[in-house]
1. Restricting attention to the stretch 61-79, which residues are within 15 Å of ligand 2 (Cβ to nearest atom) and either on the phi < 0 side of the Ramachandran plot or among the β-branched types (Val, Ile, Thr) (or both)?
2. Which of (1) in contact (Cβ under 8 Å) with a residue 12 or more places away in the chain; (2) over 21 Å from the mean Cα position of the chain (by Cα) is the odd one out, the single condition Ser300 does not satisfy?
3. Considering each of Leu73, Leu91 in turn, give the residue that is modelled with pLDDT of 95 or more, within 16 Å of ligand 1 (Cβ to nearest atom) and more than 15 Å from Leu166 (Cα to Cα).
4. State which residue is modelled with the lowest pLDDT when the search covers only the stretch 419-474 and only residues that are among the β-branched types (Val, Ile, Thr) and not in a loop (DSSP other than H, G, I, E, B).
5. Can you say whether Val105 is within 15 Å of ligand 2 (Cβ to nearest atom), surrounded by fewer than 20 Cβ atoms within 10 Å (Cβ to Cβ) and in a helix (DSSP H, G or I), as far as the supplied structure shows?
6. I'd like to verify a number: residues in the stretch 570-598 that are assigned to a helix (DSSP H, G or I) and either at pLDDT below 85 or more than 27 Å from the chain's Cα centre (by Cα) (or both), how many?
7. Restricting attention to the stretch 124-142, does a residue exist that is within 22 Å of Asp186 (Cα to Cα), part of a loop (DSSP other than H, G, I, E, B) and at pLDDT 95 or above?
8. Collect the residues in the stretch 599-618 that are buried (at least 23 other Cβ atoms within 10 Å of the Cβ) and part of a strand (DSSP E or B), keeping them in residue-number order.
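The values are calculated or read from the model by the stated rules, or taken from the named source; none is laboratory data. These numbers come from a predicted model, not from an experiment. Positions of Cβ are generated from backbone atoms using ideal geometry, with glycine treated the same way; all protein chains shown enter the neighbour counts.
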Amino acid sequence: MSEKTPEIGAEITPGAIHFEDLGLSKELLKGVTDLGFEEPSPIQAQAIPFILAGRDVVGQAQTGTGKTAAFGLPILELINLRSKKVQALVLCPTRELAVQVAEEVTSLATHLRGISVLPVYGGQSLERQIRVLERGVQFVVGTPGRVLDHLERGTLKLDNLQTLVLDEADEMLDMGFRDDIQSVLDKAPEDCRRVCFSATMPKAILALIKSYMKDPEFITVTRKEVTVPNVEQIYYDVRQHRKSDSLCLVLDTQDFNKGIVFCSTKLGVDELTTHLLAHGYQADALHGNLSQGQRDRVMSRFRTGGLDLLVATDVAARGLDIDDVDLVINYDMPFDVESYVHRIGRTGRAGRAGRAVTFVTPREAYKIREISRYTKADIKRAQLPNKREVSDLKTGKLLGEVMATMEDMREARKDSKKLDRYTLLLQSLTDDESGEVDIAAALLKMLIEREKIWPSPEELEAERREQEEMRAWQERSRQDRGGFGGNSRGEGRNWRDRSERGYSAGSERGRDGQGRYGQERDGAESGQRRGGAEGQRGGQKRGQQRDMQRLFFNVGSKARVTPGDFVGAITGESGLPGRVVGEIEIHDRFTFVDVPREYAEEIMRVMNKAQIRGMRVAVDVAKPME
Ligand code: ADP
Ligand code: MG
């Protein structure tokens, strides 16, 4: 890989390291608790001590493994709150990520007095950012183009910078930010610590590391060999905002006696437990905030069958010794393969049959593939049951109960010869107008309404719309492996599956003639070429597999725009993955950018309101040139 073989970080046994062990202040630990994090993720447990110790750190870990807090916490710990100078700078590939990182850091820093965190990105007014910077900010998170812009204007100064972080470094290079990143690195003080996080470690990143980092500590989230228990495994595609409703549908259709539902945070556990209780399930919460007494009570109810469902965090469920759990639900995805295996191992014990169900939101799609790859388990994708199916099932169950009760009553009558009280009641209700059938139907109606067994027309309509949206989303993501996705935080937009796409390092991107750039196209076959992209580059004509639309932007090289500015602005504004952007041709006063035809309109709509390098731009469909 490189001349220096990365040292693999120490193996982390789940539960061995707590946030309290990492050398963080009380205030930060409180922030962590507020967010509901119960224990550090593997990358956090490994990276935090090194960054705190002042070392340069290179971390390799997939999306969703908690990298933000892995650098955010130690940086916050080291910031001198009495100084209002910029002490930390994080570079992120997109505006969306910059905002997310700034939000998470701000949450972690809730109990630090006098901290100020600012996201800076293209598309937002420069003046506003300058005003905030002038007031004094210690922690800046930004996209490379905009950060460089501020550096060149002198509105951002790095004289007091302690830590510079490249977050999602491969993605940034992928988007053509290499020159910008290098300029920022060149402007950072010699002695500031440098941290680089990346999901993959292609040559271009290793080269950056080699020239800009001092004896860095390499951390890779290690993977142990895992043996998967013999448990039936299925997963459902779910939308983040529909998760709790989806859970009810699943619970209503799964036959089980005891189930454990895993959430990633304590807050999540509490919220979900409340939701389940409100919907008539026998559920209770198990997490680290409970006293030993409370914990024991919950566990004994679960053991004796007084509870059907335990809603738990990984930590709380660790070491639970219960043999007859027959359903495990990964409501939130686990951080890594090991915890997946650990969780599903809670069921199917002592030779009993068990089932594991996992909820997968669009941005987590790559994780489930990763889990099946490493565990070699056959995790089957299943369709979420719909309301109609659930109500049919419940109706059938109700009728079954009615029949069983009739049977019992018939038996009882044989013995006593007398009419039972219920039949006497029924006789008092019959008259000329209503016979037994009418009365029985009325009773069924009451039961079905009371138990809310049949969904209302409005509910069915809402569900139909939801399903249509989901289908459309899946269709788009099949085309793009990414796509517009949802617009709620974290859903869809960040779904970047590096393992299944071609990698194209911005620096080595083919450049021909007068500023023509192109990005490697997404394609099913490109997964194999990752890392060796240079060899194949150039031979492939960009954008030939799909119908592209050429757009005209009214800025060009006179305005010092780079391809990265276009990719950054388009992805940042539209939420589309960078790889959908095709060829970029920069002329003196204008630029042509190829985008897939189906997104052209949306891109024009958002870009006509956006800025590139602080300039408002006009975008239009390019007229064919003579
Ligand atoms: P990455 O940068 O690796 O993609 P993030 O830092 O964005 O991952 O974290 C992914 C999600 O996990 C975020 O919602 C974050 O709040 C949450 N998270 C991070 N650390 C923990 C933790 N120790 N316990 C529970 N949730 C966590
Ligand atoms: Mg991240």
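1. Of everything in the stretch 61-79, those that are within 15 Å of ligand 2 (Cβ to nearest atom) and either on the phi < 0 side of the Ramachandran plot or among the β-branched types (Val, Ile, Thr) (or both) turn out to be Ala61, Gln62, Thr63, Thr65, Lys67, Thr68, Ala69, Ala70, Phe71, Gly72, Leu73, Ile75.
2. All conditions pass for Ser300, except number (1).
3. Leu73
4. Thr423
5. no
6. Total meeting the criteria: 9.
7. Taking every residue of the stretch 124-142 in turn, at least one turns out to be within 22 Å of Asp186 (Cα to Cα), part of a loop (DSSP other than H, G, I, E, B) and at pLDDT 95 or above.
8. Ile612
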